[in-house]
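The block underneath contains the structure these notes are about, expressed in structure tokens.
Just so it is clear, none of the values below were taken in a lab; they were calculated from the coordinates. All values derive from a computational prediction rather than experimental measurement. Reconstructed Cβ throughout: ideal geometry from the backbone, glycine too, with neighbour counts over all protein chains shown.
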Amino acid sequence: MDLFNSFNQHLSNWVLRAASACLAALGIVVIYGVIMRYAFNDAPPYVEQVALLLVISVAMFGAAAGVHDAGHIGLDSVVKLLPEKLQFTCLVVVELLTIAFAVILLWGCEHMATSTRHDTIPTLGISEAWRYVPPMIAGVLIILFSVKHMLALFTNKTPA
């Protein structure tokens, strides 16, 4: 269990760094696009598509890191009023629903990537399938992190 927690912690750190790097790159790309458009009247055509890929990456990688840290919005005021056994059941259901969401995300993105792999993003010259890589990575990570939380629930240990 400790090895699995440590592995997940490293993955979470990596994905958080990736989200931070994507956010910094997004800021640079947008500022560059604005300067080129308004100062030089020469807007690069690829800026919007690069920014879109970076926004997707920031959102998906940030979401995965949030699941690891249990940083999602918790509306648990009613759950806290329930008996301990029902609280446990609610926590398990939340983790199962999170895993189900991640599986659907992974499946849907894999389907979309497969169906768009022969299409290209014109301004970038890369496959449309690349748009679905960050959500697929996030889906896998969300599953791993939720499994970690489930194991912690059933072993009565606080996840690291």
Report the net charge of residues surrounding Ser57, where surrounding means a beta-carbon distance below 14 angstrom and charges are Lys +1, Arg +1, Asp -1, Glu -1. +2
When Cα extents along the principal axes in Å is calculated directly from the model, which label among [x] 55, 28, 28; [y] 61, 56, 26; [z] 64, 34, 32 fits? [z]
From the residues Ile126, Leu26, Leu3, which one has its Cα farthest along the dipole of the chain in the positive direction, the dipole being from +1 and -1 charges on Cβ of Lys/Arg and Asp/Glu about the Cα centre? Leu3
Can you tell me the dipole magnitude for the chain around its Cα centre, using point charges on the Cβ only (Lys, Arg +1; Asp, Glu -1), in Debye to the nearest 20? 200
Per the charge dipole of the range 42-147 (beta-carbon charges, Lys/Arg positive, Asp/Glu negative, Cα centre), the residue among Met60, Ala102, Pro135 reaching farthest to the positive end is Ala102
Local charge sum around Glu128 (other residues, Cβ-Cβ under 15 Å, Lys/Arg +1, Asp/Glu -1)? -1
Which of Gly125, Gly139, Gly66 moves the most in a Gaussian network model of the chain with Cα springs under 10 Å? Gly125
How much net charge surrounds Ser115 when only other residues with a Cβ under 14 Å from its Cβ are counted (Lys, Arg +1; Asp, Glu -1)? -1
